[in-house]
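Read the figures in this text as sums done on the coordinates, not as results from a lab. Since the structure is predicted, the reported quantities are computational estimates derived from the model, not experimental observations. All Cβ positions, even for glycine, are placed from backbone atoms using ideal geometry, and neighbour counts span all protein chains on display.
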Amino acid sequence: MSEQLRFLVELQYLEDKKAAYSKSRQGAPQQLTTLDQEFSRFEGEVVLKKAELEHTQKIHRAVEQEIADLAAKLKRTRSRMSEIKNNREYQATLKEIEDRQKEISDREDHALELMETLESLNLEVKALDRDLTRRKAELARQKQQIEQDGGQVEARIAHLESLQQQVLKRLDPELHQRWQLILQRQGTTAVTAVEHGICRSCHLNLPPQKLIELQRDREIMFCPHCHRFIYWPDHEQYSMIRDDYENL
Ligand SMILES: [Zn+2]
């Protein structure tokens, strides 16, 4: 086995772990935006409900005022009764009083309905306010959790990088350079396994002769198609790397 290849496989394993952690953080900004949007939407609902309450209160006050005005008019009409001289005027005034009373009664019915609406609106607004307070606290808690998770992920990535540095110290400088070059060109995978005669990264077949050489595991080899470092994963020393780093 090539010790240098083992180092490369280790580097790649650590690189894969780093990539997985980075990926787990990709959704965080979107997650924060969604949480904010959900909260704003609810806040909007509360504002609307409060506006409805205020509007109903205003109408209620206006109706109460109308009742008071009508009652004052009714009082004036009644006080005129004693001054009436003829029957026709008397009948007309009685009719006026009757109409006024009917108007007042209608307004009072309306006022009562409005009072009932106000009662339920008040209850709704109170419940929404409580919910808003609860949601606000929940939002803060979730945001803090996301930040905390982010901090943990960053710490893990930093740890993986320090492990990579230790491996790099032992890696041949030429291979190090090549490792970096492949990473620059090929993204996060520079070292790849060959399974069933196929390169796991580019999914192309290796010539049979190459496959035999690879299984012998004597020298550093590259995929003839994607030019990544290749290794035979069934060799125990490579599967052990996975076990060594499993809990990082
Ligand atoms: Zn390949």
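What's the Cα-based Rg to Rh of segment 25-167, Rh via Kirkwood?
Numbers: Rg = 32.3 Å, Rh = 21.3 Å.
We get a ratio of 1.52 for segment 25-167.
Nearest 10 degrees is fine. How inclined is helix 236-245 to the longest principal axis of the chain, computing both from alpha carbons?
Value to nearest ten degrees: 30.
If r is the Cβ-Cβ distance from ALA19 to ALA137 and R0 is 35 Å, what FRET efficiency results, to the nearest 0.05?
Values: r = 35 Å, r/R0 = 1.01.
The formula returns an efficiency of 0.50 here.
At a 10 Å Cβ-Cβ cut-off, how would you order TYR21, TYR238, fewest neighbours first?
On the way: TYR21 17, TYR238 20.
The fewest-first ordering by Cβ neighbours comes to TYR21, TYR238.
Going by how many other beta carbons lie within 10 Å of each one, how would you line up SER82, SER40, fewest first?
Working: SER82 6, SER40 10.
With the fewest neighbours first, SER82, SER40 line up as SER82, SER40.
What angle, in degrees between 0 and 90 and rounded to the nearest 10, separates the Cα long axis of helix 3-26 from the longest principal axis of the Cα atoms of the chain?
10 degrees
About the Cα centre, and with charges only on the beta carbon of Lys, Arg (+1) and Asp, Glu (-1), how big is the dipole of the chain? Nearest 20 debye, please.
Values: 39 positive and 44 negative charges, 117 e Å.
About 560 debye.
I need the trypsin sites (Lys or Arg not before Pro) found in segment 99-129, filtered to DSSP loop residues with at most 15 other beta carbons within 10 Å of theirs.
On the way: sites: ARG100, LYS102, ARG107, LYS126; in loops: none.
Loop-located and lightly packed - none at all.
Helix 28-80 sits at what angle to the longest principal axis of the chain, using alpha carbons and giving 0 to 90 degrees rounded to 10?
That works out to roughly 0 degrees.
If we count GluC sites (Glu not before Pro) as exposed when they sit in a DSSP loop and have at most 16 other beta carbons within 10 Å, what is the longest stretch of the chain that avoids them all? Kindly include the intermediate steps, with their values, before the conclusion.
Working: sites that count: GLU219, GLU246.
Longest stretch, sites excluded: 1-218.
Toward the positive end of the charge dipole of the chain, about the Cα centre and with charges on Cβ (Lys, Arg +1; Asp, Glu -1), which of GLN91, GLN148, SER162 goes farthest?
Checked the options; the winner is GLN91.
Taking the Cα atoms of segment 172-245, what is the range of coordinates along each of the three principal axes, in descending order and whole Å?
Computed over the Cα atoms, the extents are 30, 28, 20 Å.
How many percent of DSSP beta bridges within the chain run antiparallel, rounded to 5? The partial results should precede the final answer.
Details: 5 of 8 bridges.
The antiparallel fraction comes to roughly 60 percent.
Based on the Kirkwood radius over alpha-carbon pairs, what value in µm²/s does the Stokes-Einstein equation return for the translational diffusion coefficient of the chain at 10 °C and 1.306 mPa s?
Numbers: Rh = 26.0 Å.
Rounded to a whole number, D works out at 61 µm²/s.
Collect residues whose amide H, placed 1.01 Å from N in the peptide plane, falls under 5 Å from the amide H of ILE230; neighbours closer than 5 in sequence don't count.
Close amide H contacts, sequence-distant or interchain: THR192, MET221, PHE222, CYS223.
Can you show me the helix-derived [θ] at 222 nm for the chain, built from DSSP H runs with n ≥ 4 at -39,500 (n - 2.57) apiece and divided by the number of residues, rounded to the nearest 500. Show your work: numbers first, answer last.
On the way: 6 runs with 194 residues, N = 248.
Mean residue ellipticity at 222 nm (helix-derived): -28500 deg cm²/dmol.
With 10 angstrom as the radius, rank ILE212, ILE230, ILE146 by how many other C-beta atoms surround their C-beta, starting from the fewest. Walk me through the numbers before you get to the answer.
Values: ILE212 10, ILE230 25, ILE146 17.
If I rank by nearby Cβ atoms, fewest first, I get ILE212, ILE146, ILE230.
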